[in-house]
There are 4 protein chains.
Amino acid sequence: MYSFKNDYSEGAHPRILSALMESNLEQTEGYGEDPYTLKAVNLLKERIGRSDIDIHLFMGGTQTNLTAISAFLRPHEAAIASNTGHILVHETGAIEATGHKVISIEVKDGKLTPVHIKSVLEGHTDEHMVKPRLVYISNPTEIGSIYSKSELEQLSNFCRENKLFLYVDGARLGSALCSEENDMDFSDLSTLVDAFYIGGTKNGALMGEALVICRDSLKEDFRFHIKQKGAMLAKGRILGIQFLELFKDDLYFNLARNANNMADILKKGISEVGYSFLTHSPSNQIFPILPNWLIEKLQKKYSFYLWEKVDEDNSAIRLVTSWATKEEIVKSFVEDMKEAVASN
Amino acid sequence: MYSFKNDYSEGAHPRILSALMESNLEQTEGYGEDPYTLKAVNLLKERIGRSDIDIHLFMGGTQTNLTAISAFLRPHEAAIASNTGHILVHETGAIEATGHKVISIEVKDGKLTPVHIKSVLEGHTDEHMVKPRLVYISNPTEIGSIYSKSELEQLSNFCRENKLFLYVDGARLGSALCSEENDMDFSDLSTLVDAFYIGGTKNGALMGEALVICRDSLKEDFRFHIKQKGAMLAKGRILGIQFLELFKDDLYFNLARNANNMADILKKGISEVGYSFLTHSPSNQIFPILPNWLIEKLQKKYSFYLWEKVDEDNSAIRLVTSWATKEEIVKSFVEDMKEAVASN
Amino acid sequence: MYSFKNDYSEGAHPRILSALMESNLEQTEGYGEDPYTLKAVNLLKERIGRSDIDIHLFMGGTQTNLTAISAFLRPHEAAIASNTGHILVHETGAIEATGHKVISIEVKDGKLTPVHIKSVLEGHTDEHMVKPRLVYISNPTEIGSIYSKSELEQLSNFCRENKLFLYVDGARLGSALCSEENDMDFSDLSTLVDAFYIGGTKNGALMGEALVICRDSLKEDFRFHIKQKGAMLAKGRILGIQFLELFKDDLYFNLARNANNMADILKKGISEVGYSFLTHSPSNQIFPILPNWLIEKLQKKYSFYLWEKVDEDNSAIRLVTSWATKEEIVKSFVEDMKEAVASN
Amino acid sequence: MYSFKNDYSEGAHPRILSALMESNLEQTEGYGEDPYTLKAVNLLKERIGRSDIDIHLFMGGTQTNLTAISAFLRPHEAAIASNTGHILVHETGAIEATGHKVISIEVKDGKLTPVHIKSVLEGHTDEHMVKPRLVYISNPTEIGSIYSKSELEQLSNFCRENKLFLYVDGARLGSALCSEENDMDFSDLSTLVDAFYIGGTKNGALMGEALVICRDSLKEDFRFHIKQKGAMLAKGRILGIQFLELFKDDLYFNLARNANNMADILKKGISEVGYSFLTHSPSNQIFPILPNWLIEKLQKKYSFYLWEKVDEDNSAIRLVTSWATKEEIVKSFVEDMKEAVASN
């Protein structure tokens, strides 16, 4: 049974484990103050093209989001997220647990625009309501769509005009930046947003997310927040070594490209058979709408999530590819689908 | 420069890395629902000798403490800790950040007794004060002392009579249980306390602490709290695989024994030279009181923390040994000390 | 300029002030343990018809809501409210500030039904999401509608079957219970819900809300929560004296009836002129839809809130009557409206 | 039975009730935006001698403390208080419930000095500990002592040099400022500290504390915090009217002077009989040490708190006088004491 359920089904890219192996018995300082972490941070700054940013390494996305957002906001301030936003739906109220409301906006494609946010601002008029202060977006979004540079510029401008922080959850940022439709890079991101994170867990690391803080006023005392939230790893180097390995050459991007390429093969194959998709998703998650009988058939060889019922006979499923997905498996998926349809 | 600063200076025991390697490309469920984690949890239950306990794997001690304590307490309830308690001093107010006061008790040897706690209860008389509800102890304590079974029994009885939860921070639990002076095992712990954790990070794992919840009423919905606090690792198996490796034979205890043995060699050597210790510490942290000139000399070859000034000419230092400390290095430390004293 | 903006524009009913005057120089215990408060609590229990309930007096609605809800929920549990719910919209994230998400449900008439809540439960399936635990409703709702006994019974049954607490914000409970359409009393409420509060501030008190806790498991240690949230008034008797005065005869209900009657006169008058209403509201808040030119004219003599734009030419306004509203003023409002329309 | 238990045993000074009476049926805006509150705020600014301060009215001390301190601090920052500090001991962990540790300093006389605070700063060296950021003092302290201007200047200078906010809990500020030993006024306070509150509840108001924010950076969005903490009174004018009455002439100070004078009579009388005091307390709380037999005798006619056991035969009691205490009663207390001693 092959799983397309997510992009964290395997361990780490072998180079990651080798790097951990090689350095294993060296003694280093703890808590992210070791030479590997310092080197990884510097390397990331180079890759982003800025030395005036702060970078902190975390173990997971929820941890990164809750630490950053609670550090950035004052008690009466709230985050804004789309109705599919991970912090809104799938983090067990982690942001609220730090005291902050997450305001939800209903959107079709997972992406926020200035129009959406303007309507929230207009509805929050006085001190009887929370003060919207931070716009949370994911790139790619939770339903696979990605932001274009011009879309992000518009958001960025709007946020700056309205004193809103713009924060990007980059759990799958590699997939977004390596998408064929993408026209941004790290450097663009770093000038357009106030903070973002570069996801490692879903792109070949054992675990690890690199939070990039671009706005000066958000940097102060940040390590206190990391420690307070239980996010400061004693053997911090484990994160440093991994990011060093991912970015010392193009490994990070190559892994993301593989995930995207495998998704493309699936997309093309599924289209050829004649099926359509729930969302336009040029990244490593796709949401084909298939007849229920076909889904049942496929489930005998592949595992994946049922996403939503579309009508009586058809449902959307979610297929996620990853750095570890091999061409043969996606091809066999397409073949199996074609066969099933032919023999139906 | 060899470091005696702590027991998380190195990576992981090589068997841990091998185990990660072997399973690396297998696909498993995420978030701690993989077969490795399930197996590790069952193995730990066997080792503890009880099937009616719940076990959850975490990435670090502060994370474990804050998740457990905030899950166990209602908003008006407080924890009690000794003045050296890790949650009181060294977790950046992590417990308070979840809304709970930590009440401090001044003790000499890091250990709490019923007498201490009784005085706290007597001082908390009505609803204008917090309600003390959980007693936090560390075994070994932050200054290396350990609890005897009879001491823990007395605490346990007192807590049960007074409706207090008893919680043990076991960051270095291996060292306590393998101490020559220890007369307890996992099974004793599990019957005497309401929850405790078995520290992996400081005993050979890359990272990892296993929280054991013994009291039924504290088990409900616990995974919600793990997720909410950002402590649910996507590739949860990384923790499962490590605990499986540590406990499939006696690796965990053997590593702890090595740490203790190395500390003993240091202790004996230092005593032979004629120096004494700040605390009685039968575990892997020792606190010799040395003349300042000697400390300076030793610092040229070894790194360690200055713990406190004792008088004008003498200070206590902290030496920590670990699973990775080799006999040759502790012997050379003692030799270097003897030589320095001889040639002074 | 007469204000229909709200029902807390005036001070207190004169009998309230007289009662404060009479007892003024007596010495009593503080913090709600005085004879007046004890007597008020007992009187309320009699009025409700149950001795097995706990009653606590508060200074305001937000304070009551946040203290109760945060005391009732564990950290991972969430409240459910309609999209007009006061705790969702108009309390500056007070519930979230205590760590809990408020899940919003879009409804037309301000009222929640089992169908609504079922859909929330179905969408919250595992520990990656908060656990819905408390259903928050207002009676009357924020848009003037009220629950019938049978509607509340259905909600109550559904909540009990699904282990949800049912909590009623009764900021204007007097108006609901004295509505012509109402078929419930305090006693019904106390058996159908887990906690509710009887609003005094908006019904003739200087300030004051009486929280009634019906479910045993929610009562324990409640005074700790009151003190912790800054809601324990030193001169607690000020609240006790007021509730004693409101309930020693039918003052509370008579005041609510006056508010409703005045709203009825407005409603009838406005209907006669030919205008309709945004919501069906049998309580003391009404939402007539008027042409903009008429609104502007009325604003010269009366103040009230513009509620929402209905189309280019018409808007809904909110008119609130109170215990202090006099018949002459509502009649003159209707007259002024008729005249304006006639002369248009 | 006359009570010396506290200074909130009675209602309000009769002028307060009259003022509420007179304005009772006027309609005003809610939530502290009414003309009375605005006028009271301006009057207080005049009395303090500064127009560049912000003033907000609250209903009680715990509410004021928790709202202000949680608004002023970032999540990792902590308050410092003496071991008798009200926020530390008697507010049920209200500050911790907003996420912040309160660091305790053991002092003899309830007062903090730069030496105390310096020792705390020296013990908080890195991000593994909270960051001390706000110094909380009470004037008078919880044990009746008061700060001299020079003591406060030293604290103020130290705090500014070390980027610490200085906050004064003024629950009994009137008594401190009217003490014979006092050499400060409102204006001094406003230049030396970052925020303080002027207590009304314990000096003749029904309830009410006026928070004065002196430091610009602490003012922003403060009303959001008031609302979020449930501290925004719907009929805010009730607070405004009271402060207007207290400060439109010297009522506030006259009431405080009465409390102090009555305490002085007690002190002199008790000294004449030959008894001493637990603390030096030039304000309206005194702590005489009396033989237990005498205490028992006095308890037949007077109620007061036993403060602490001094030795087998003697205990300290707390006697609190207030704006409402009459000369005849304190004289009779002294007489009764003299008689009892004479006839012993």
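The values are calculated or read from the model by the stated rules, or taken from the named source; none is laboratory data. Since we're looking at a predicted model, the values are computed, not measured. Reconstructed Cβ throughout: ideal geometry from the backbone, glycine too, with neighbour counts over all protein chains shown. Note: areas computed on protein heavy atoms with side chains; ligands, DNA, RNA excluded. Shrake-Rupley method; radii C 1.70, N 1.55, O 1.52, S 1.80 Å.
Values computed for the structure shown
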| read-out | value |
| --- | --- |
| Shape call, the protein assembly as shown: gyration tensor on alpha carbons, a/c limit 1.5 | oblate |
| For region B:252-342, alpha-carbon Rg over 2.2 N^0.38 Å | 1.03 |
| Label-point separation, B:Glu220 to D:Val115 (7 Å along Cα→Cβ), nm | 5.3 |
| Closest approach to the D/C rotation axis among chain D Cβ atoms, residue and whole-Å value | D:Met59, 3 |
| Fraction of beta bridges assigned by DSSP in region A:14-251 that are antiparallel (%, nearest 5) | 40 |
| Charge dipole (debye, nearest 20) of the protein assembly as shown; +1 at Cβ of Lys and Arg, -1 at Cβ of Asp and Glu | 0 |
| Per-residue HN-Hα couplings for region A:318-332 [Karplus 6.51, -1.76, 1.60; θ = phi - 60°; Hz; x = Gly/Pro] | 10, 10, 10, 9, 8, 4, 9, 5, 9, 4, 4, 6, 6, 5, 5 |
| Total accessible surface hidden between B and A, rounded to 100 Å², 1.4 Å probe | 4100 |
| Probe 1.4 Å - accessible area at B:Ser51, Å² to nearest ten | 100 |
| Lys/Arg +1, Asp/Glu -1 at C-beta; region A:14-251 dipole; positive extreme among A:Ile95, A:Leu57, A:Ala205 | A:Ile95 |
| GNM top mover of A:Leu218, A:Leu255, A:Leu177 - chain A, alpha-carbon springs below 10 Å | A:Leu218 |
| Accessible surface ranking that places the most exposed of C:Lys235, B:Lys149 first, with a 1.4 angstrom probe | B:Lys149, C:Lys235 |
| Where labels lie 7 Å past Cα in the beta-carbon direction, separation of A:Asn344 and D:Asn42 in nm | 7.8 |
| Pseudo-label separations to other copies for B:Lys39 - Cα-to-Cβ vector, 7 Å, nm | 3.4, 7.4, 8.1 |
| Rounded to the nearest 10 Å², the accessible area of C:Thr64 at probe 1.4 Å | 0 |
| Separation of alpha-carbon centers, region A:15-43 and region C:75-123, rounded to whole Å | 46 |
| Normalised contact order of region B:252-342, rounded percent, pairs of Cα under 8 Å and 6 or more residues apart | 37 |
| 3J(HN,Hα) from dihedral phi, region D:130-144, Karplus parametrisation 6.51/-1.76/1.60, rounded to Hz, x for glycine, proline | 4, 9, x, 9, 9, 9, 9, 10, 10, 9, x, 6, 5, 10, x |
| A:Arg172, D:Arg237, reordered so the largest accessible area comes first (probe 1.4 Å) | A:Arg172, D:Arg237 |
| Test item: Cα-centred dipole of region B:252-342, Lys/Arg +1 and Asp/Glu -1 on Cβ, debye | 320 |
| FRET efficiency estimate (nearest 0.05) - Cβ-Cβ, B:Asn83 to B:Asn292, R0 22 angstrom | 0.30 |
| Long-range HN-HN contacts of A:Leu278 with modeled amide H, under 5 Å | A:Phe287, A:Ile289 |
| Gyration tensor (alpha-carbon) shape descriptor, region B:181-267, a/c threshold 1.5 | oblate |
| Global form of region A:84-140, assessed from the alpha-carbon gyration tensor, a/c cut-off 1.5 | oblate |
| Among A:Asn261, A:Asn65, A:Asn162: highest mean-square fluctuation, GNM of chain A, C-alpha pairs under 10 Å | A:Asn162 |
| Label zone at A:Glu312 (point 7 Å along Cα-to-Cβ), backbone N below 15 Å, region A:263-293 | A:292-293 |
| Per-copy distances of the A:Glu220 label point, shortest first, in nm (7 angstrom along Cα→Cβ) | 1.0, 4.3, 4.4 |
| J(HN,Hα) series, region C:108-122, from Karplus relation 6.51 cos²θ - 1.76 cosθ + 1.60, nearest Hz, glycine and proline x | 8, 10, x, 10, 8, 10, x, 4, 4, 6, 4, 5, 5, 4, 5 |
| Pseudo-label separations to other copies for D:Lys331 - Cα-to-Cβ vector, 7 Å, nm | 6.0, 9.2, 11.0 |
| Amide H contacts under 5 Å for A:Asp183, placed H, 5+ residues apart | A:Lys149 |
| Contact order relative to length of chain C, as percent, for alpha carbon pairs under 8 angstrom and 6 or more apart | 24 |
| Accessible surface of region B:14-251 [probe 1.4 Å, protein heavy atoms]: carbon and sulfur percent | 48 |
| 5 angstrom amide H check on C:Ser138, placed H, neighbours 5+ away | C:Asp169 |
| Chain A: projected area of the alpha-carbon convex hull, averaged over directions, in nm² | 17.9 |
| 1.4 Å probe, heavy atoms, protein only - residues of region C:75-118 losing at least 50 Å² accessible area vs chain alone | C:Pro75, C:His76, C:His90, C:Thr92, C:Glu96, C:Ala97, C:Lys101 |
| Accessible area (Å², 1.4 Å probe, nearest 10) - D:Val320 | 0 |
| Residues of chain C: accessible area per residue with a 1.4 Å probe, Å² | 35 |
| Relative contact order for region D:1-103, counting Cα pairs under 8 Å that sit 6 or more residues apart, in percent | 17 |
| Of C:Leu112, C:Met129, C:Asn182, farthest towards positive along the dipole that unit charges on Lys, Arg, Asp, Glu beta carbons give region C:14-249 | C:Met129 |
| Shielded by partner chains, region B:202-227 residues - at least 10 Å² of accessible area, 1.4 Å probe, vs chain alone | B:Leu206, B:Met207, B:Glu220, B:Asp221, B:Arg223, B:Phe224, B:His225, B:Lys227 |
| FRET efficiency for A:Lys248 and A:Glu181, using Cβ-Cβ distance with R0 set to 30 Å, rounded to 0.05 | 0.60 |
| Value at 222 nm in deg cm²/dmol, rounded to 500, when DSSP H runs of n ≥ 4 in the protein assembly as shown each add -39,500 (n - 2.57) | -12000 deg cm²/dmol |
| Accessible area, probe 1.4 Å, largest first, for residues A:Glu209, C:Glu29 | C:Glu29, A:Glu209 |
| Förster radius 60 Å - calculated FRET efficiency between A:Glu122 and C:Ser332 (Cβ-Cβ, nearest 0.05) | 0.95 |
| Size of electric dipole in region A:1-124: Cβ of Lys, Arg +1 and of Asp, Glu -1, about Cα centre, debye, nearest 20 | 440 |
